[in-house]
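Read through the structure below, which is laid out as structure tokens, and then see the notes.
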Amino acid sequence: MVYAPDVAWALRDGRAVVALESTVIAHGLPYPTNLEVARSMEALVREGGAIPATIAVLEGKIHIGLTPDELERVGTSDDISKASLRDLPILLARGQSGATTVSSTSHLAALAGIKVFATGGIGGVHRGWESTMDISADLPALAGTPVVTVCAGAKSVLDLPATLEWLETHGVPVLGYGTDVFPAFYTRSTQPPLPVDARVDAPETVADIYKMRTRLGFRGAVLVCQPLPAEMALDNEMVEAAIRSALKDAAGKGIKGREVTPFLLSTLSRVTEGRSLVANRALLENNATLAAKISKAISPGQYV
């Protein structure tokens with residue numbers, strides 16, 4: 001593992017650090033928005049009193065925190081693969097490069113001793129899972145990784161009731177930050193609304209729950225779901241209609257597996273005339289801000 005100097009210092013002294021994924025930079029957002037958002041998220045974490053640690057695999061080495069040049073490379077190179085949990089040993093053994101997903105970022109964050117991770121939305125149980133058994137690696141990673149994960153819920157392209165059922169079965173508490181219902185990424189709630197396990201309204205409450213789970217010996221994540229700002233949210237009916245149309249289109253084109261979600265998100269961006277991209281940026285930045293506050297509540301200390 002290669003640690004950025006400020007990340008290494010903060011971890012050594014027990015200070016606040018926030019892990020950030022790199023797949024959203026390499027594969028989730030178009031250039032140059034991807035780099036703008038990555039830099040903005042890091043800046044917001046610093047403004048919140050924590051140190052950002054964007055995680056990626058470069059030339060077979062795990063980087064916990066990226067330099068400006070490394071961040072640029074992740075956002076512009078075409079040799080950065082999408083690195084889920086199963087891909088990590090392959091990339092490392094072959095000396096290759098990859099951008100980490102929710103599952104791999106949370107695993108590596110825990111390995112590095114980072115307690116808080118900010119992302120956009122988690123993966124989950126896919127629609128039609130009864131016949132495909134398509135369940136994101138994010139879910140078992142969350143069930144086995146003791147990291148507070150701040151997100152905007154799960155993307156509405158998924159089977160959200162089944163996703164929440166999976167999390168409940170595997171002991172992952174779903175906390176709604178300032179909300180009683182589960183947010184659905186581009187929208188502030190599911191339709192019909194699905195309840196969260198508990199509502200929280202302060203970073204200190206999240207920190208107390210995390211610490212209590214640690215005392216009880218739990219190994220899974222604490223999932224903190226924060227709705228995106230109301231002024232950026234999309235309409236539920238419009239999003240659902242676009243998803244159904246895109247799923248039918250994807251099936252007709254033979255698009256399957258890990259390629260389905262990028263196809264659906266691209267379709268949504270086109271249908272919403274770019275509003276989904278604006279919403280995506282807003283929720284990522286919103287989550288980075290909250291993650292810094294939670295990390296400070298868990299690991300207090302002032303930076304100079």
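The values are calculated or read from the model by the stated rules, or taken from the named source; none is laboratory data. Every value quoted in this text rests on a predicted model; they were computed, and no experiment measured them. Neighbour counts are summed over all protein chains in view; Cβ atoms, including those assigned to glycine, are modelled from backbone coordinates with ideal geometry. Remember, those area values only see protein heavy atoms, side chains included, never the ligands or the DNA or RNA. Shrake-Rupley method; radii C 1.70, N 1.55, O 1.52, S 1.80 Å.
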Here the residues within region 188-213 that are modelled with pLDDT under 95, under 19 Å from the mean Cα position of the chain (by Cα) and either farther than 22 Å from residue 135 by Cβ or hydrophobic (A, V, I, L, M, F, W, C) (or both) are 188, 189
Any residue in region 194-211 that is touching a Ser or Thr at 6+ places or on another chain (Cβ under 7 Å), more than 21 Å from residue 41 (Cα to Cα) and polar (S, T, N, Q)?
no
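One line per residue, one yes/no per condition, for (1) in a helix (DSSP H, G or I); (2) touching a strand residue (DSSP E or B) at 6+ places or on another chain (Cβ under 8 Å); (3) open to solvent by 10 Å² or more (accessible area, probe 1.4 Å); (4) closer than 26 Å to residue 166 by Cα:
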position: 218; (1), (2), (3), (4): no, no, yes, yes
position: 260; (1), (2), (3), (4): yes, yes, yes, yes
position: 263; (1), (2), (3), (4): yes, no, yes, yes
position: 266; (1), (2), (3), (4): yes, no, yes, no
Within region 232-256, the count of residues that are open to solvent by less than 80 Å² (accessible area, probe 1.4 Å) and among the basic types (Lys, Arg) comes to 0
Answer yes or no: is there a residue in region 158-179 that is open to solvent by 10 Å² or more (accessible area, probe 1.4 Å), modelled with pLDDT under 95 and part of a loop (DSSP other than H, G, I, E, B). yes
Among (1) over 19 Å from residue 124 (Cα atoms); (2) without any contact (Cβ under 8 Å) to a residue 24 or more places away in the chain, residue 285 falls short only on (2)
Does at least one position in region 193-210 carry a residue that is more than 23 Å from residue 116 (Cβ to Cβ), open to solvent by less than 40 Å² (accessible area, probe 1.4 Å) and in contact with a helix residue (DSSP H, G or I) (Cβ under 9 Å, 6 or more places away or on another chain)? yes
Considering region 54-86, residues that are touching a Phe, Trp or Tyr at 6+ places or on another chain (Cβ under 8 Å) and either on the phi > 0 side of the Ramachandran plot or aliphatic (A, V, I, L, M) (or both), and then whichever is surrounded by the most Cβ atoms within 10 Å (Cβ to Cβ), we arrive at 65
If we ask which residues in region 18-33 are part of a loop (DSSP other than H, G, I, E, B) and either within 13 Å of the chain's Cα centre (by Cα) or at positive phi (or both), their number turns out to be 2
Q) If you check residue 43 against the conditions, is it surrounded by fewer than 16 Cβ atoms within 10 Å (Cβ to Cβ), within 15 Å of residue 287 (Cβ to Cβ) and out of contact with any His (no Cβ under 9 Å at 6 or more places or on another chain)? A) yes
Screening 56, 93, 83 for residues that are of a type outside the set (Ser, Thr, Tyr) and out of contact with any Leu (no Cβ under 7 Å at 6 or more places or on another chain) leaves only 93
Exactly one of 141, 110 is open to solvent by 10 Å² or more (accessible area, probe 1.4 Å) and outside any strand (DSSP E or B), and that residue is 110
Notebook entry, point to check: residue 300: in contact (Cβ under 8 Å) with a residue 24 or more places away in the chain, open to solvent by 50 Å² or more (accessible area, probe 1.4 Å), under 18 Å from residue 122 (Cα atoms) and not basic (Lys, Arg), yes or no?
Noted result: no
Selection from region 113-131 of residues assigned to a strand (DSSP E or B) and either surrounded by fewer than 23 Cβ atoms within 10 Å (Cβ to Cβ) or not aliphatic (A, V, I, L, M) (or both) yields 117, 126
Checked pairs for region 118-137, first in contact (Cβ under 8 Å) with a residue 60 or more places away in the chain, second of a type in the set (S, T, N, Q) and part of a helix (DSSP H, G or I), C-beta under 6 Å and 6 or more apart or across chains, list as 118/287
Filter region 275-295 for residues that are more than 12 Å from the chain's Cα centre (by Cα) and charged (D, E, K, R); the one that is least open to solvent (accessible area, probe 1.4 Å) is 281
